[in-house]
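The next block holds one structure in the form of structure tokens; read it before the comments.
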Amino acid sequence: MKLPGSEEIVDDLAFFDDWEQRYQYIIDLGKSLPPMDEADKTEDRLVRGCQSSVWLKAHRENGVLHFAVDSDAIIVNGLLALVMAAYNNKTPEQILTFDIDDYFQQLDLERHITPTRGNGLRAIVSKIQDIARESR
Amino acid sequence: MSLDVRALREQFPILAQEIDGNPLVYLDNAATTQKPQAVLDAIMAFYTQCNANVHRGAHALSDEATRRYEKARDSVAHFIHANSREEVIWTSGTTEGLNIVANGIAQRLQEGDEVMVTQMEHHADLVTWQQACTRSRAILKVVPIHDNGALDIQAFEDMLSGRTRLVALPHVSNALGTVNPIKKLAALAKQKGALVVIDGAQGIAHGGVDVQDIGCDFYAFSGHKLFGPTGIGVLWGRGSVLEDWPVWQTGGEMIARVSYEASTWGALPNRLEAGTPNIAGAIGMAAAIDWFSKLDLEAVQSHEKQLLASATEQAMAFDGLKIIGSAPDKIGVLSFIIDGSHPADVGFILDRQGIAIRTGDHCAQPLMRRLGVPGTARASFSLYNTLDEVDSLFRALKKAQMMLA
């Protein structure tokens, strides 16, 4: 399964009317997120949450930022796929102008991205934004 | 007499709500317990009737606040069978209580002295001693557990030595529910002349704690795991040990006489309680203790036993579920993993069905490594939970397993 874009995801999720279908969709997204090479999962790329861990690898090419992400939890991977749809292969400007909170609100998933959730998702978003700021 | 759980639940307003259209099933009691109306009323009454600072007032409100605050100390002393009210030190919670002891012992440890903890320690009862040992070049020894989560008593005995100055261990493991035979272990440690510190965070809410009977030197616990408010806890210390225990924080309330050059310390318990205390917290915690003490403890314990037995039975029959921690003496906690699923994922799907559990390392990373798991899902029960709620947990787990497969 090719990862869909952020607008497509918003449309897809709006189509489902019960939570089970929505979460199943996120789980399937999580399964289709390409796994990161074990060798790339180094300590300095690790964002530790107390519930699950997330790795982030970034590199810049021709003014565009490319990310690889992975988590040990499948739903977090699904949520990461949503984040990737918004941020991956975008310019720093595009990343910094994208309203991630509004996006998660549209997806009706905002409670997963609050700083209180120990899943590392918020930390990844902040880290991506930092990288974008530094690459401007 | 059996416990009237329905009537009990009515005293907890928070339990009546729905989460995403499902009735809330609160099974995260080892993290914090809910508060009965009596506790909420006591806190509200303090702020609406007599809010004032304690011990220094020249007016009626302060007198009344002081009276309620010090009466709260009496309630705690009575509840845990302290020798005297001066043995009850208010803290912000278990963690602060353990830090008061760790700070003191760090000043007394000599190079080569030994401090003993167990493999099942919560970080609060591990990092504290580890840091105290690092500061004083003492040696931290870690008593192993068996694979089922029970403490290796033989190893405990063998590892005690003439250099053991302090032994710290949990009354009940927060991650596994293992109940330690603290009376027996305290006696073994005392034979070697070691101080014994019990992390009572998980032990206190199951009732029947008698610090004299246990024979320990310190017992630390939190109000919020005992149906009281957050931000308040108690360090109980044996009078003879507390008497000259090194001061912790300095400031107001804890002094006798102060000049610009030097100060002398006041008497217990205030000597270890610098600054304006958490007055409302202490009063709320005492209200919780008074409320809890009126319950039929035997009925409470038998109900809790039933909840865990039912959960364990259903867990054992659940294909692909592995119970983490099956010590013979266990209370309040069912920790588990579902084959092929990360605990965080299980937690997500349960949450969506209104079931509150905790997932993760339970502030016990070394223990998780010892057990070879990244973390667990943990359902923890309290006296207001019902057998129906245990059934709901397993129905929701079935769904989680199907969705995550």
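The values are calculated or read from the model by the stated rules, or taken from the named source; none is laboratory data. Here the structure is a predicted model, which means the values were calculated and not measured. In this analysis, Cβ positions are derived from the backbone assuming ideal geometry, glycine residues included, and neighbour counts consider all displayed protein chains. All accessible areas refer to the heavy atoms of the entire protein, side chains included, with ligands and DNA or RNA removed. Shrake-Rupley method; radii C 1.70, N 1.55, O 1.52, S 1.80 Å.
Among (1) open to solvent by 10 Å² or more (accessible area, probe 1.4 Å); (2) at pLDDT 95 or above; (3) under 18 Å from the mean Cα position of the chain (by Cα), which single condition is B:SER382 missing?
Tallying (1) open to solvent by 10 Å² or more (accessible area, probe 1.4 Å); (2) at pLDDT 95 or above; (3) under 18 Å from the mean Cα position of the chain (by Cα), B:SER382 fails exactly one: (1).
Does any residue in segment B:391-405 that is away from chain A (no Cβ under 14 Å) come within less than 6 Å, Cβ to Cβ, of a residue that is surrounded by fewer than 18 Cβ atoms within 10 Å (Cβ to Cβ) six or more places away or on a different chain, and which pairs are these?
Cβ pairs passing all conditions: B:PHE394/B:GLN314.
State the number of residues belonging to segment B:298-310 that are touching a residue at least 40 places away in the same chain (Cβ under 8 Å) and open to solvent by less than 60 Å² (accessible area, probe 1.4 Å).
Here the count works out to 7.
Can you tell me which of (1) open to solvent by 10 Å² or more (accessible area, probe 1.4 Å); (2) over 23 Å from B:ARG6 (Cα atoms); (3) touching a residue at least 24 places away in the same chain (Cβ under 8 Å) is the one B:GLU313 doesn't meet?
Going through the list (1) open to solvent by 10 Å² or more (accessible area, probe 1.4 Å); (2) over 23 Å from B:ARG6 (Cα atoms); (3) touching a residue at least 24 places away in the same chain (Cβ under 8 Å), B:GLU313 breaks only (3).
State whether the residues of segment B:239-253 include one that is outside any helix (DSSP H, G or I) and without any contact (Cβ under 8 Å) to a residue 12 or more places away in the chain. Working first, answer last.
Going residue by residue through segment B:239-253, those that are outside any helix (DSSP H, G or I) are B:243-253.
Then drop every residue that is not without any contact (Cβ under 8 Å) to a residue 12 or more places away in the chain, which leaves B:244.
Yes: segment B:239-253 contains one or more residues that are outside any helix (DSSP H, G or I) and without any contact (Cβ under 8 Å) to a residue 12 or more places away in the chain.
Only one of (1) assigned to a strand (DSSP E or B); (2) loosely packed, with under 15 Cβ neighbours inside 10 Å is not met by B:ILE89, so which one is it?
Condition not satisfied by B:ILE89: (2).
Tell me which residues, restricted to segment B:44-54, are open to solvent by 40 Å² or more (accessible area, probe 1.4 Å) and in contact with a helix residue (DSSP H, G or I) (Cβ under 8 Å, 6 or more places away or on another chain). Step through it out loud before you land on a result.
Filtering segment B:44-54 for residues open to solvent by 40 Å² or more (accessible area, probe 1.4 Å) gives B:44, B:47-49, B:51, B:53.
B:TYR47, B:GLN49, B:ASN51, B:ASN53 - these are the residues of segment B:44-54 that are open to solvent by 40 Å² or more (accessible area, probe 1.4 Å) and in contact with a helix residue (DSSP H, G or I) (Cβ under 8 Å, 6 or more places away or on another chain).
Okay, residues lined up against (1) surrounded by 24 or more Cβ atoms within 10 Å (Cβ to Cβ); (2) hydrophobic (A, V, I, L, M, F, W, C):
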| position | (1), (2) |
| --- | --- |
| B:ALA317 | no, yes |
| B:ILE323 | no, yes |
| B:SER326 | no, no |
| B:VAL333 | yes, yes |
| B:SER341 | no, no |
| B:ARG378 | yes, no |
| B:SER392 | no, no |
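Out of the residues in segment B:329-369 that are at positive phi and either assigned to a loop (DSSP other than H, G, I, E, B) or more than 11 Å from every other protein chain (Cβ to nearest Cβ) (or both), state the one that is farthest from the chain's Cα centre (by Cα).
As a first pass, look at segment B:329-369 and keep what is at positive phi: B:332, B:340, B:354, B:360, B:362-363.
If we keep only those that are either assigned to a loop (DSSP other than H, G, I, E, B) or more than 11 Å from every other protein chain (Cβ to nearest Cβ) (or both) too, we end up with B:332, B:340, B:354, B:362-363.
Working: B:GLY332: 12, B:GLY340: 32, B:GLY354: 25, B:HIS362: 13, B:CYS363: 13 Å.
Among them, the one singled out is B:GLY340.
Mind checking whether some residue in segment B:22-39 is free of Cβ contacts under 8 Å to residues at least 12 places away in the same chain and either surrounded by fewer than 17 Cβ atoms within 10 Å (Cβ to Cβ) or not assigned by TED's automatic domain parsing to the domain that holds B:LEU350 (or both)?
Start the filter on segment B:22-39 by keeping residues that are free of Cβ contacts under 8 Å to residues at least 12 places away in the same chain, which leaves none.
The answer is no, given that none of the residues of segment B:22-39 is free of Cβ contacts under 8 Å to residues at least 12 places away in the same chain and either surrounded by fewer than 17 Cβ atoms within 10 Å (Cβ to Cβ) or not assigned by TED's automatic domain parsing to the domain that holds B:LEU350 (or both).
This table checks each residue for (1) in contact with a Lys or Arg (Cβ under 6 Å, 6 or more places away or on another chain); (2) assigned by TED's automatic domain parsing to the domain that holds B:ALA186; (3) free of Cβ contacts under 8 Å to residues at least 40 places away in the same chain.
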position	(1), (2), (3)
B:SER75	no, yes, no
B:ALA102	no, yes, yes
B:ILE105	no, yes, no
B:GLN110	no, yes, yes
B:GLN119	yes, yes, no
B:THR134	no, yes, yes
B:ILE145	no, yes, no
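Please work out which residue is farthest from B:ALA194 (Cα to Cα), limiting yourself to segment B:128-173 and to residues that are in a loop (DSSP other than H, G, I, E, B) and acidic (Asp, Glu). Before you say what the answer is, go through the steps one by one.
Here is the first cut: in segment B:128-173, the residues in a loop (DSSP other than H, G, I, E, B) are B:137-138, B:144, B:146-150, B:152, B:160-163, B:171, B:173.
Subset that is acidic (Asp, Glu): B:147, B:152.
Working: B:ASP147: 27, B:ASP152: 19 Å.
My answer is B:ASP147.
Does B:GLY57 satisfy the condition of being at pLDDT below 95 and either in contact with a Ser or Thr (Cβ under 8 Å, 6 or more places away or on another chain) or open to solvent by less than 50 Å² (accessible area, probe 1.4 Å) (or both)?
Details: at pLDDT below 95: yes; either in contact with a Ser or Thr (Cβ under 8 Å, 6 or more places away or on another chain) or open to solvent by less than 50 Å² (accessible area, probe 1.4 Å) (or both): yes.
In short, yes.
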